[in-house]
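Asks: This structure is in structure tokens; I'll ask about it shortly.
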Amino acid sequence: MHDASQTGSGYPTQAVGLPQLSVIIPTFKERDNVVTLFRRLEKTLLGIPFEAVFVDDNSPDGTWEVLRALSREDGRVRCIRRIGRRGLSGACIEGILASSAPCAAVIDADLQHDETQLPKMLTLLQGGEFDLVIGSRYIEGGSAESFNRQRAGASALATEVAKRVLRVEIADPMSGFFMIRRDRFEALAPQLSTQGFKILLDVVATAHGDLRVKEIPYTFGSRLHGESKLDSMVALDFLGLVLAKVTNDVVSLRFLMFAMVGSLGLVVHFAALYTALEIFRIPFAEAQACGAVCAMTSNFILNNFLTYRDQRLKGLAILRGLLLFYLVCSVGLFANVGVAFSVYDQQPIWWLAGAAGALMGVVWNYAMSGLFVWRKR
């Protein structure tokens, strides 16, 4: 569900006709930055027909209201307000697919990217020699001095992992500042993940070397207003994306995170079972039930916090979701046991039967949880 405001008094003289460039700006709680960014775009893209497509994840600070007012003043501004969906990658995908220019740039709303590089990037794309131009912090002339030591280390590690595991041959695959031909992006879009923050890495990895890429240096600036949206969960998003690409997208990033949470739930189950048996001397049947409830509860909490972060349940919806999750996982347990017994009858290898049952349980729980517990509204 989205609310798009595209009205205005018309393009200024220099912007008459179809735009040559669509600038995609994902936003969440950036009301103090969006007008400043648009004024900067106006200045740097003077003489270039462009549109600014802001994709706002229903910001509680009313960012979308500021953008709606701006769009009434200037027809080059569009605002897509997303409700029930969160995440930078998904916002970028929706924004590019909703754009109208042959070239689309992605830039953050926090004023840390150097918008003055956009004309140069557009010239490179329009020359026909490149499909993708990346603003790079890690080539000669580029800089990320505004990073603190922790963030710089995390960025360097993620870049190295991306290069070695996904064989991405660019200096700054973690950059959030790039420009791409829209036709090339549209060809890749069905294979891209809407979860996570690293849309460029996903694009490059999905293209498997078929994009003609150019990197240009830029200096990553300091945030002036608001707070960073990069929290500790970004590492899990990144890991999930890498694993998804390694498996050629056979499984989704969300499914991988669901499975990882399930693995942690197994540890919780055994810990609770051991505690009930050895410390509280509870009979095995009751102890097993206690372990199962503890595992399901921890899985629900972690999935609500991590896997379904963009659809996180709050308030009374948490209780309803927890009860539904108990029900889904209970049925999943029967599916697990049924498949395990079936496999064991055909091939009496305990670990094979157990693995088949566990896989069936995970697939069932994932499918039903998405359908009933964290369904999009």
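What follows draws every value from the coordinates through simple rules; no lab data is involved. Given the structure is predicted, the values throughout are model-derived calculations rather than measurements. All Cβ positions, even for glycine, are placed from backbone atoms using ideal geometry, and neighbour counts span all protein chains on display.
Asks: Can you list the residues, at least 5 places off or on another chain, whose amide H is less than 5 Å from the amide H of S59, using H built in the peptide plane?
Replies: K29, W64
Asks: Could you state the angle between the C-alpha long axis of helix 350-368 and the longest principal axis of the C-alpha atoms of the chain, as a value from 0 to 90 degrees rounded to the nearest 10?
Replies: Its long axis makes an angle of about 50 degrees.
Asks: For the chain, what's the relative contact order in percent, using C-alpha pairs closer than 8 Å and at least 6 residues apart? Kindly include the intermediate steps, with their values, before the conclusion.
Replies: Details: 634 pairs, mean separation 54.4, N = 377.
Rounded, it is 14 percent for the chain.
Asks: Would you mind checking the tilt of helix 88-97 against the longest principal axis of the Cα atoms of the chain, expressed as 0 to 90 degrees and rounded to 10?
Replies: 50 degrees
Asks: Among (1) 17.9; (2) 31.1; (3) 21.9, only one was calculated for this model; which label is it, if the read-out is mean projected area of the Cα convex hull in nm²?
Replies: The listed entry that was calculated here is (3).
Asks: Could you give the nm distance between label points at L323 and H208, where each point is 7 Å from its Cα heading toward the beta carbon?
Replies: 4.8 nm
Asks: Continuing with this model, one more query. Scan around S136 for amide H atoms under 5 Å from its own, H built in the peptide plane at 1.01 Å from N, and keep only partners 5 or more places away or cross-chain.
Replies: The answer is I216, Y218.
Asks: Another question, if that's okay. Antiparallel versus total DSSP beta bridges in the chain: what percent is that, nearest 5? Don't jump to the answer; show the numbers that get you there.
Replies: On the way: 11 of 33 bridges.
For the chain, the DSSP antiparallel bridge percentage is about 35.
Asks: By per-residue mean of other Cβ atoms within 10 Å, what is the highest-first order of 92-100, 157-165? Numbers along the way, then the final one.
Replies: Values: 92-100: 20.2, 157-165: 15.6.
Taking the mean over residues of other Cβ atoms within 10 Å, the ranking is 92-100, 157-165.
Asks: Any chance you could give the angle, 0 to 90 degrees and rounded to 10, that helix 316-346 forms with the longest Cα principal axis of the chain?
Replies: 60 degrees
Asks: How would segment 253-373 be classified by its alpha-carbon gyration tensor: rounded, prolate or oblate, with rounded meaning a/c under 1.5 and the a/b versus b/c comparison settling the rest? All intermediate terms of the calculation are to be shown ahead of the outcome.
Replies: On the way: a/c = 2.02, a/b = 1.20, b/c = 1.68.
Because a/c hits 1.5 or more and a/b fails to exceed b/c, segment 253-373 counts as oblate.
Asks: Among K198/K314; K29/K198; K120/K245; K29/K163; K163/K245; K245/K314, which pairs are too far apart, with a Cα-Cα distance over 22 Å?
Replies: Violating the 22 Å limit, Cα to Cα: K198/K314; K120/K245; K29/K163; K245/K314.
Asks: What 222 nm value per residue comes from the helices of the chain, counting each DSSP H run with n ≥ 4 as -39,500 (n - 2.57) and dividing by all residues, nearest 500 deg cm²/dmol?
Replies: Working: 12 runs with 178 residues, N = 377.
Using -39500 (n - 2.57) per qualifying helix, the result is -15500 deg cm²/dmol.
Asks: I've got another one for you. Please turn the phi angles of segment 23-33 into ³J(HN,Hα) values with the Karplus equation 6.51 cos²θ - 1.76 cosθ + 1.60 (θ = phi - 60°), one per residue in order, whole Hz, x for glycine and proline.
Replies: Working through the residues one at a time gives 9, 9, 10, x, 9, 7, 6, 10, 4, 7, 10 Hz.
Asks: Now a separate question. Kindly write out, for segment 305-314 in residue order, the coupling ³J(HN,Hα) from the Karplus curve 6.51 cos²θ - 1.76 cosθ + 1.60 (θ = phi - 60°), rounded to whole Hz, with x marking Gly and Pro.
Replies: Working through the residues one at a time gives 7, 10, 4, 10, 4, 6, 10, 4, 7, 9 Hz.
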